[in-house]
Every structure is written in C-alpha cells, then in structure tokens.
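A.B. asks: I am attaching a structure below and will ask some questions about it afterwards.
The values are calculated or read from the model by the stated rules, or taken from the named source; none is laboratory data. It should be emphasised that the depicted structure is a prediction, and the values quoted were computed from it without experimental measurement. Cβ atoms come from the backbone with ideal geometry, glycine included; neighbour counts cover every protein chain shown. Ligands, DNA and RNA are stripped out before the accessible areas are found, and what is left, the full protein with its side chains, is counted by its heavy atoms. Shrake-Rupley method; radii C 1.70, N 1.55, O 1.52, S 1.80 Å.
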Amino acid sequence: MKLWGGRFKEDQNDVMKKFNDSIGFDNRLYSVDIQGSLAYAEALHLAGLLTSKENISIQQGLGKIRDEFDTGEFEIKAGDEDIHTAVERRLFELIGKTAGKLHTGRSRNDQVALDLRLFIMEEIKLIKHLLEELQQKLIEKANAHINVIMPGFTHLQPAQPILFSHWLMSFFWMFERDKARLDDILARTAVSPLGSGALAGNPFDIDRSKIAEELGMDAISMNSLDAVSDRDFVAEILFANSLIAVHISHLAEDIILFSNPAFNYLQIGEAYSTGSSLMPQKRNPDSMELARGKSGRIISALVNLLIVLKGLPSTYNKDLQEDKEALFDSVDNLKLTLSVVVGVIESLIIFPEKMSAHLNEAMLATDLADYLVNQGVPFREAHQKVGELIRYTEENSVSLSEIPSRVLQNIAIEFEDDIEKIIDFNKAINKKDGVGGTAPKTVIKQIELAKEILGD
Ligand code: ARG
C-alpha cells in the first residue's frame with residue numbers, strides 16, 4: 001500500500017519503483033527520522049492535534065521501531081519507498097489508525113531536510129573527534145623527536161634545515177582549521193526546517209522553536225520555500241570533508257616520499273604496509289596511497305552535489321534525493337581514512353641519521369647571506385655574493401666550509417674568519433626563533449599551545 005496512492009488507478013511500473021525508491025540507502029537515517037518524529041508528535045500534542053493517549057501511543061510505537069532497527073529486526077517491505085514511509089507503515093502496523101495523525105501538516109520534504117541536518121550534526125561530532133585523535137598523535141610524535149633535524153624542501157628541492165617535529169606540527173594546524181570550519185558549518189546546520197510543510201508552511205500552529213530546542217538545534221528556518229530545498233549545509237560538509245581529504249592527501253604524499261629508500265627518513269609500521277605478490281623485498285605504503293586516493297572520491301561527492309543543485313527550480317525537486325549517497329560516501333570514507341591515518345602516524349619509525357645524511361651545506365646559503373646582512377650588506381647584494389660562493393663550490397667540488405678565506409674575502413670583504421660558525425645546521429635552526437619558526441624552543445612553545453587547544 002502506497003502512502004500517496006489515493007489518486008492513482010494504476011500500479012507503479014517495476015523499474016520506476018526501483019528508480020524512485022531510496023529505502024536501499026536512506027534507511028540509515030532511521031534514528032534521526034524517529035528523533036524528528038518524536039519531537040513532531042510532541043508538538044502536535046501541544047497544538048491540540050493529538051490527545052495525550054495518542055501522543056504516548058505514537059511515542060511508544062516509534063520507540064519500538066527504533067529498537068527493531070537497532071537490533072536488525074526491522075523488516076523492509078515492498079511498498080516502503082523511503083525511510084519515512086517505512087517508519088510510518090510500521091507505526092500503523094503497531095498502533096493502528098492513530099499512526100495516520102503523525103504526518104499532520106508535515107511533508108517528507110521538511111522531514112527529509114530535518115533528517116539530513118540531524119545526521120550531519122552527528123557526523124560533524126564524529127569527524128571532529130577523529131581529527132582530534134590525529135592531532136594528538138602528531139603532538140606525541142613531535143614530542144618524541146623534538147630535536148631531530150631534517151632537510152626542508154620547496155619545489156621538492158633541498159631548501160633549508162628544519163625540525164622534523166616542526167614538519168609534523170604543520171599538519172596539526174591544518175586539522176585545527178578543519179575543525180573550526182566544521183564548527184562554522186554546525187551553526188548553519190543546526191537550524192530546524194520542520195514546520196515548512198511541502199513548501200508553503202504549517203497551518204496547525206505548532207511551536208517550531210520548541211521542536212528545534214528539543215532536537216538540540218539553535219534556530220528555525222525563516223522561509224519555507226528555502227527550507228525544503230536548502231542543501232547548502234550538505235555542500236558545506238562535503239567541502240569541509242574535501243579539504244580534510246586534501247590535507248590528508250598532502251600528509252600521505254610526504255610520508256610516501258620520505259619512506260622511499262632514496263630518502264628513508266621514516267618507515268610506516270608493518271601493520272599499515274603491504275607486500276608485493278611478486279617481489280618479495282617490497283614494503284609498500286598502501287595505507288598512504290589509499291588515503292591519497294580517497295581524496296578523489298571525497299572531492300567528487302562535493303562536485304556531484306553541486307551539479308545536482310545547479311539549475312533546480314524553487315523548492316523541493318526529486319533531484320534532491322541524489323544528495324544522500326554522495327553524503328554517505330563522503331563521511332564514511334573520510335572517517336575510515338582518518339582512523340587509518342591515526343594508526344599510521346602512531347606507527348611511524350624515524351631514522352634521524354638518514355635525515356642528517358641529506359643535509360647539505362648549500363642549505364645554509366641563506367644563513368651566509370644573513371651573516372653579510374648583519375655586517376651591513378644589503379640583502380640583494382648579499383644574495384648575489386653568496387650565489388657566487390655556491391658557483392665556486394660547484395665548480396671546484398668543495399663545500400661552503402672548505403672555501404679558502406682569500407676566496408671568501410675576494411667575493412665579499414665583510415667575510416671574517418668566524419664564518420665556519422655560521423655553517424652549522426643547529427645554529428641555522430636555533431636562529432629561526434620568531435613565532436612560527438623552526439627553532440626548538442619555538443616548536444616546544446607551539447606544541448604547548450597545541451596541547452592547550454586540545455585541552456591537555
Ligand atoms: N526520499 C525523498 C528524498 O530523499 C524524500 C522526500 C520525498 N518527497 C516527495 N515529495 N516525494 O528526498
């Protein structure tokens with residue numbers, strides 16, 4: 001029996017039914033759907049549309065349905081088009097005709113909009129929690145290897161020495177911005193559309209604010225036409241997820257590179273690596289490759305939704321049913337990826353000696369230019385002169401510290417005998433002690449602040 005069958009003479013075409021039904025994927029909204037219905041029944045009661053007895057009967061029936069879903073006993077039946085019709089059908093079986101009163105003034109259009117909002121509110125909590133776990137692991141690793149020096153790269157070319165802990169902590173701040181973005185989105189998601197009806201509003205004087213409050217939402221929507229079609233909050237979480245995935249992908253790429261034998265700065269624990277079916281020696285970073293790859297589908301979910309939304313006429317259109325699978329795929333894959341990345345960071349084995357073997361005195365060229373600046377040489381000129389020194393080292397196959405002092409002074413009279421002191425990786429790092437720099441004491445402060453943010 002269809003809930004909307006009154007005006008139809010013919011049965012629905014089988015393929016059309018398959019095409020139209022969303023129960024196959026939206027059944028996972030059962031808990032939020034029931035949560036919304038419980039609040040709506042209460043509002044109908046307060047508006048005098050349900051007696052206390054009817055209200056209690058509906059509340060109990062819905063509670064029973066939730067139990068059935070929780071335990072896997074709920075039986076999807078042929079006529080169940082979506083989660084909303086399935087719950088209503090079952091409620092009718094359990095409590096009889098009173099079930100038919102629950103949908104008074106409500107449409108699946110405002111109902112599904114509410115369900116999605118409640119679902120996303122929950123998901124935001126879970127994603128934030130995983131991000132915090134990851135941040136925690138980054139802090140722990142950074143703390144454990146606080147003074148390890150590694151080459152820093154720009155354009156993937158050796159640039160300047162940095163602390164390994166500083167590199168790790170750079171990701172902490174990306175994930176911190178991601179959490180703040182999720183908080184912003186939460187504020188726009190926790191707005192109740194219930195009471196918007198199919199498109200025009202609700203004629204039964206229900207207390208919309210009270211429903212919102214009951215559902216832990218901060219506000220109610222102000223325009224029913226907008227409320228039934230607004231999926232901005234879905235697009236927003238899909239974007240936030242995409243950017244998180246991009247950050248993870250970037251972390252994954254660094255780890256893949258640093259674990260390559262040509263670098264060998266670190267190794268992913270065996271629990272997160274895989275072998276080759278052909279080459280016995282292989283230890284592949286599949287966990288990180290998949291994390292990098294997952295970003296593709298997570299970004300595609302955002303693009304998918306934006307294309308569905310683009311060009312729709314006002315209010316509810318069935319196209320909007322296509323919002324859900326993109327959303328579910330995005331949150332599921334992101335959470336799975338985050339859980340794996342948490343484990344990978346914890347499992348990382350670090351090889352500081354391999355990192356220092358890659359340190360090259362040329363990476364201190366800027367420090368030499370800074371030395372000349374301190375002697376009063378304008379930076380541009382200093383840059384030029386140190387460039388000449390680098391050319392000399394290349395042409396004569398020597399390192400900076402091996403340049404004879406007469407050559408040095410020939411290039412810049414300001415070079416004194418103390419320049420070997422400048423050619424020192426630790427010194428170069430210690431000097432970068434302005435806020436946000438890579439000096440150990442600055443990184444320690446950074447970690448303290450990070451811990452404070454996480455409430456430790
Ligand atoms: N299954 C639908 C969806 O997910 C629910 C809303 C249906 N509304 C309607 N008027 N047919 O969007």
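A.B. asks: Check Asp323, Asp367, Asp319 and return the single one that is over 19 Å from the mean Cα position of the chain (by Cα), in a helix (DSSP H, G or I) and within 16 Å of the ligand (Cβ to nearest atom). Quick ask: steps written out before the conclusion?
C.D. replies: Working: Asp323 fails: over 19 Å from the mean Cα position of the chain (by Cα); Asp367 fails: within 16 Å of the ligand (Cβ to nearest atom).
That would be Asp319, the only listed residue that is over 19 Å from the mean Cα position of the chain (by Cα), in a helix (DSSP H, G or I) and within 16 Å of the ligand (Cβ to nearest atom).
A.B. asks: Here is a check on your reading of the model: is Thr274 more than 16 Å from the ligand (Cβ to nearest atom) and of a type in the set (Val, Ile, Thr)? Quick ask: steps written out before the conclusion?
C.D. replies: Numbers: more than 16 Å from the ligand (Cβ to nearest atom): yes; of a type in the set (Val, Ile, Thr): yes.
Judged against the criteria, Thr274 is a match.
A.B. asks: Let me ask something else about it. Quick test for you: out of Ile76, Ile83, pick the one residue that is touching a residue at least 24 places away in the same chain (Cβ under 8 Å), surrounded by fewer than 16 Cβ atoms within 10 Å (Cβ to Cβ) and within 16 Å of the ligand (Cβ to nearest atom). Before you say what the answer is, go through the steps one by one.
C.D. replies: On the way: Ile83 fails: surrounded by fewer than 16 Cβ atoms within 10 Å (Cβ to Cβ).
The match here is Ile76.
A.B. asks: In addition: Can you find even one residue in the stretch 289-312 that is closer than 23 Å to Ala227 by Cα, within 16 Å of the ligand (Cβ to nearest atom) and in a loop (DSSP other than H, G, I, E, B)?
C.D. replies: Checked against the condition, which is being closer than 23 Å to Ala227 by Cα, within 16 Å of the ligand (Cβ to nearest atom) and in a loop (DSSP other than H, G, I, E, B), the stretch 289-312 yields at least one hit.
A.B. asks: Being within 24 Å of Phe25 (Cβ to Cβ), out of contact with any Pro (no Cβ under 9 Å at 6 or more places or on another chain) and within 16 Å of the ligand (Cβ to nearest atom) is the requirement here; does Ile65 meet it? Step through it out loud before you land on a result.
C.D. replies: On the way: within 24 Å of Phe25 (Cβ to Cβ): yes; out of contact with any Pro (no Cβ under 9 Å at 6 or more places or on another chain): yes; within 16 Å of the ligand (Cβ to nearest atom): no.
Judged against the criteria, Ile65 is not a match.
Results for (1) open to solvent by 60 Å² or more (accessible area, probe 1.4 Å); (2) hydrophobic (A, V, I, L, M, F, W, C), shown as yes or no for each residue.
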| site | (1), (2) |
| --- | --- |
| Lys354 | yes, no |
| Ala362 | no, yes |
| Ala365 | no, yes |
| Val377 | no, yes |
| Lys385 | no, no |
| Glu394 | yes, no |
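A.B. asks: Mind checking which pairs have a first residue in the stretch 187-198 that is open to solvent by less than 10 Å² (accessible area, probe 1.4 Å) and a second that is within 14 Å of the ligand (Cβ to nearest atom) and part of a loop (DSSP other than H, G, I, E, B), Cβ under 6 Å, 6 or more apart or different chains?
C.D. replies: Qualifying pairs under 6 Å: Gly197/Ser107.
A.B. asks: Checking the conditions here, which among Met217, Met169 is buried (at least 17 other Cβ atoms within 10 Å of the Cβ), modelled with pLDDT of 95 or more and under 30 Å from Lys427 (Cα atoms)?
C.D. replies: Working: Met217 fails: under 30 Å from Lys427 (Cα atoms).
Met169 is the lone residue from the list that is buried (at least 17 other Cβ atoms within 10 Å of the Cβ), modelled with pLDDT of 95 or more and under 30 Å from Lys427 (Cα atoms).
A.B. asks: Go through Gly24, Gly48, Gly61 for me and flag whichever is more than 17 Å from Glu93 (Cβ to Cβ) and in a helix (DSSP H, G or I). Quick ask: steps written out before the conclusion?
C.D. replies: Values: Gly48 fails: in a helix (DSSP H, G or I); Gly61 fails: more than 17 Å from Glu93 (Cβ to Cβ).
Only one candidate qualifies: Gly24.
A.B. asks: Are there any pairs with C-beta distances below 9 angstrom linking a residue in the stretch 11-23 that is open to solvent by 100 Å² or more (accessible area, probe 1.4 Å) to a residue that is more than 14 Å from the ligand (Cβ to nearest atom), with the two at least 6 apart or on different chains, and if so which?
C.D. replies: Once the first residue is open to solvent by 100 Å² or more (accessible area, probe 1.4 Å) and sits in the stretch 11-23, its partners that are more than 14 Å from the ligand (Cβ to nearest atom) give Phe19/Asn13.
A.B. asks: Mind listing just one residue for me: the one in the stretch 120-139 that is of a type in the set (Asp, Glu) and closer than 19 Å to Asp184 by Cα and, of those, surrounded by the most Cβ atoms within 10 Å (Cβ to Cβ)? Before you say what the answer is, go through the steps one by one.
C.D. replies: Within the stretch 120-139, the first condition is being of a type in the set (Asp, Glu), and the residues that meet it are 122-123, 132-133.
With the extra rule that they be closer than 19 Å to Asp184 by Cα, the set shrinks to 122-123, 132.
Working: Glu122: 14, Glu123: 21, Glu132: 17.
Going through the qualifying residues, I end up with Glu123.
A.B. asks: If you don't mind, there's one more thing I want to ask. Exactly one of (1) in a helix (DSSP H, G or I); (2) touching a helix residue (DSSP H, G or I) at 6+ places or on another chain (Cβ under 8 Å); (3) within 16 Å of the ligand (Cβ to nearest atom) is unmet by Phe19. Its number?
C.D. replies: (2) is the only condition that Phe19 fails.
A.B. asks: If you don't mind, there's one more thing I want to ask. Hey, any hits in the stretch 331-347 for a residue that's within 16 Å of the ligand (Cβ to nearest atom), in contact (Cβ under 8 Å) with a residue 12 or more places away in the chain, surrounded by 17 or more Cβ atoms within 10 Å (Cβ to Cβ) and not β-branched (Val, Ile, Thr)?
C.D. replies: Looking through the stretch 331-347, none of the residues is within 16 Å of the ligand (Cβ to nearest atom), in contact (Cβ under 8 Å) with a residue 12 or more places away in the chain, surrounded by 17 or more Cβ atoms within 10 Å (Cβ to Cβ) and not β-branched (Val, Ile, Thr).
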